[in-house]
Amino acid sequence: MRPIERGSAFGPAFSASVPVLLGYTTIGIAFGLLLVKSGQPWWLAPLMSVVVFAGAAQFMAVGLLASGTGIAQVAILTLVINARHMVYGLSLLDRFGSCRRFKAYLVFALTDETYGILTTVEPPAGVDPESYYAAVSALDQSYWVIGSTLGALVGGLLPFDAKGIEFALTALFIVLLVEQTRSVRKTAPYVVATIASGAALLFAGPADFLIAAILASIVGILPFRKALS
Amino acid sequence: MSLYVVGTMIAMAAVTLLCRAAPFLFFLKRRPPPIVEFLQAYIPPMIMTVLVLGSYKAVSLAKAPYGIPEIAAGLTVAGLHLWKRNTLVSILGGTALYMILIRVM
């Protein structure tokens, strides 16, 4: 193993994370603002973003907390929303397999966007992969924490015309998909995932879309196992 | 400080962490079967496809502006990226176009 140069992972990690900076700060502001408007104390926004760090689940929690939903029910809904992360981990077993120092944090901080970057944007040669993964994850979380804190504290005061900037996250997924098509040059996974997404939209409804589409994709790719290997 | 709110938050944190850690805990001691090796290679492109399509699932083609900002900006991102392969140019270009289109359409 090459010696780890201090700080060398930060630059590449920062440039990989800029799209997330745009998306997480603005969506974080919206979350913080919404949470405070629903009657919660401001500090709950940064606290949730530090200990939960799951965007969709946090947005869901705003309404559930306001209506006093039981903790067990919130836990089950969180499980449904975040079950897709089990699949993410499954495809990172090798990549995180050699990680030691930051492995627990990497697993904790695995959001959709961080997953996309870590599986698509390779660290440059000479940069310790684990440090790069950790830097991307920590930067992404810091954007989310900063955004939600800002939203909770001063969200109501901001002249909020950054409307539409959240498209940066869609754009990030599109870029990562284009990059995937360069490294995985087979048509089957894209076709299978597109059909699975269509089926999920028809049969599962918007709330369960992601987990339904991902599970359907996995089932759908299995018949191609022989052809692809 | 409300015990209910903090308790709910801790439950959410625990469940989320469990989801993220489950595959690592499950394969901590045992070797992943060949099927998992196969899936590791093809899950990322499938998930990226699903995440892109999922970003578009709330877009309405039936009423104005008929999804034009989302679709035009998305094609711009893909086009820029195929052409220049500069992530920031692709993302900032497409996002800027989107922000303009939703204001003028």
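How large is ³J(HN,Hα), in whole Hz, for each residue of region A:49-54 in order, when computed from phi with the Karplus curve 6.51 cos²θ - 1.76 cosθ + 1.60 and θ = phi - 60°, using x for Gly and Pro?
5, 7, 8, 9, 6, 8
Expressed as a rounded percentage, what relative contact order does region B:31-104 have, with Cα pairs under 8 Å and six or more residues apart?
After rounding, I find 21 percent.
Please list, by residue number, everything in region A:128-167 whose backbone N is under 19 Å from a paramagnetic label point 7 Å out along Cα→Cβ of B:Ser2.
From region A:128-167, the list is A:149, A:152-153.
Residues of the protein assembly as shown: accessible area per residue at 1.4 Å, in Å²?
Working: 15410 Å² over 334 residues.
Result: 46 Å² of accessible area for each residue.
What is the spin-label model distance, in nm, from B:Val104 to A:Tyr105 if the labels are put 7 Å beyond Cα along the C-beta direction?
Distance between the two pseudo-spin positions: 4.4 nm.
With every protein chain present, what accessible area does A:Leu47 have (1.4 Å probe, heavy atoms only), rounded to the nearest 10 Å²?
About 70 Å², rounded to the nearest 10.
Excluding ligands and nucleic acids, what accessible area in Å² is computed for B:Thr76 using a 1.4 Å probe, to the nearest 10?
About 40 Å², rounded to the nearest 10.
Placing unit charges on C-beta atoms (Lys and Arg positive, Asp and Glu negative, everything else neutral), compute the dipole magnitude of chain A about its Cα centre in debye, rounded to 20.
The dipole of chain A has a size of about 500 debye.
Relative contact order of chain A: what whole-number percent is it, with Cα pairs under 8 angstrom and at least 6 residues apart?
Working: 236 pairs, mean separation 82.1, N = 229.
So the answer I get is 36 percent.
Using only Cα atoms, locate the centre of region B:7-47 and the centre of region A:55-86, then give the distance between them in Å, rounded to an integer.
Cα centroid of region B:7-47 versus Cα centroid of region A:55-86: 19 Å apart.
Which of the three applies to region B:31-104, rounded, prolate or oblate, going by the alpha-carbon gyration tensor with a ≥ b ≥ c and a/c under 1.5 meaning rounded?
Note, shape of region B:31-104 comes out oblate.
What full-extension length gain, to one decimal in nm, is calculated for A:Lys163 and A:Val50 as 0.36 nm per residue of separation minus the Cα-Cα distance?
38.2 nm
If you take each beta carbon of peptide B:22-28 and count the beta carbons of other chains within 10 angstrom, what is the mean?
Values: counts 7, 11, 12, 2, 4, 4, 0.
Partner Cβ neighbours, averaged per residue: 6.
Can you find, among B:Val77, B:Pro33, B:Ile43, the residue sitting farthest towards the positive end of the charge dipole of region B:31-104, where Lys and Arg contribute +1 and Asp and Glu -1 at Cβ?
Toward the positive end, the furthest listed residue is B:Val77.
Can you work out the FRET efficiency for the pair A:Gln73 and B:Leu61, with r the C-beta to C-beta distance and R0 = 41 Å, to the nearest 0.05? If you can, show how the numbers build up before the last one.
Values: r = 35 Å, r/R0 = 0.84.
Once rounded, the FRET efficiency stands at 0.75.
Just going by the charge dipole of chain B, with Lys and Arg at +1 and Asp and Glu at -1 on Cβ, which of B:Pro65, B:Ser55, B:Ile10 is farthest out on the positive end?
Farthest towards the positive pole: B:Ile10.
Could you derive backbone 3J(HN,Hα) for region A:178-193 from the dihedral phi with the Karplus parameters 6.51, -1.76 and 1.60 (θ = phi - 60°), listing whole Hz in sequence and x where the residue is Gly or Pro?
4, 4, 4, 5, 6, 8, 10, 8, 10, 7, 3, x, 6, 5, 4, 5
Given a Förster radius of 30 Å and the C-beta distance between A:Ser183 and A:Phe203 as r, what FRET efficiency does 1/(1 + (r/R0)^6) yield to the nearest 0.05?
0.45
Using the Cα centre as the reference, give the magnitude of the dipole from point charges on the C-beta atoms of region B:31-104 (Lys, Arg: +1; Asp, Glu: -1; all else neutral), rounded to the nearest 20 debye.
In debye, rounded to 20, region B:31-104 gives about 120.
Output the peptides A:78-86, A:93-101 sorted from most to least packed, where packing is the average of other Cβ atoms within 10 Å over each peptide's residues.
So the order, starting with the most tightly packed, is A:78-86, A:93-101.
For A:Asp128, tell me the accessible area in Å² from a 1.4 Å probe, rounded to the nearest 10.
Surface open to solvent at A:Asp128 totals about 30 Å².
For chain A, what does the alpha-carbon gyration tensor say about shape, rounded, prolate or oblate, given a ≥ b ≥ c as the root eigenvalues, a/c under 1.5 as rounded, and a/b over b/c as prolate?
It is oblate, given that a/c is not under 1.5 and a/b is not larger than b/c.
When only the heavy atoms of the protein chains count and the probe is 1.4 Å, how do B:Lys63, B:Lys84, A:Lys37, B:Lys57 rank by accessible area, highest first?
Numbers: B:Lys63 135, B:Lys84 115, A:Lys37 160, B:Lys57 75 Å².
Highest to lowest solvent-accessible surface, that is A:Lys37, B:Lys63, B:Lys84, B:Lys57.
Can you tell me the FRET efficiency between B:Leu75 and A:Glu122 if r is taken as the Cβ-Cβ distance and R0 is 30 Å, rounded to the nearest 0.05? All intermediate terms of the calculation are to be shown ahead of the outcome.
Working: r = 26 Å, r/R0 = 0.87.
Efficiency computed from Cβ-Cβ geometry: 0.70.
Just to be sure I understand: if you take the accessible area of chain B alone plus chain A alone and subtract the pair, with a 1.4 Å probe, what total do you get in Å², rounded to 100?
About 6600 Å² of accessible surface is lost on pairing.
The values are calculated or read from the model by the stated rules, or taken from the named source; none is laboratory data. Not measured: the values here are computed from a predicted model. All Cβ positions, even for glycine, are placed from backbone atoms using ideal geometry, and neighbour counts span all protein chains on display. Protein only, heavy atoms only, side chains kept; ligands, DNA and RNA dropped before computing areas. Shrake-Rupley method; radii C 1.70, N 1.55, O 1.52, S 1.80 Å.
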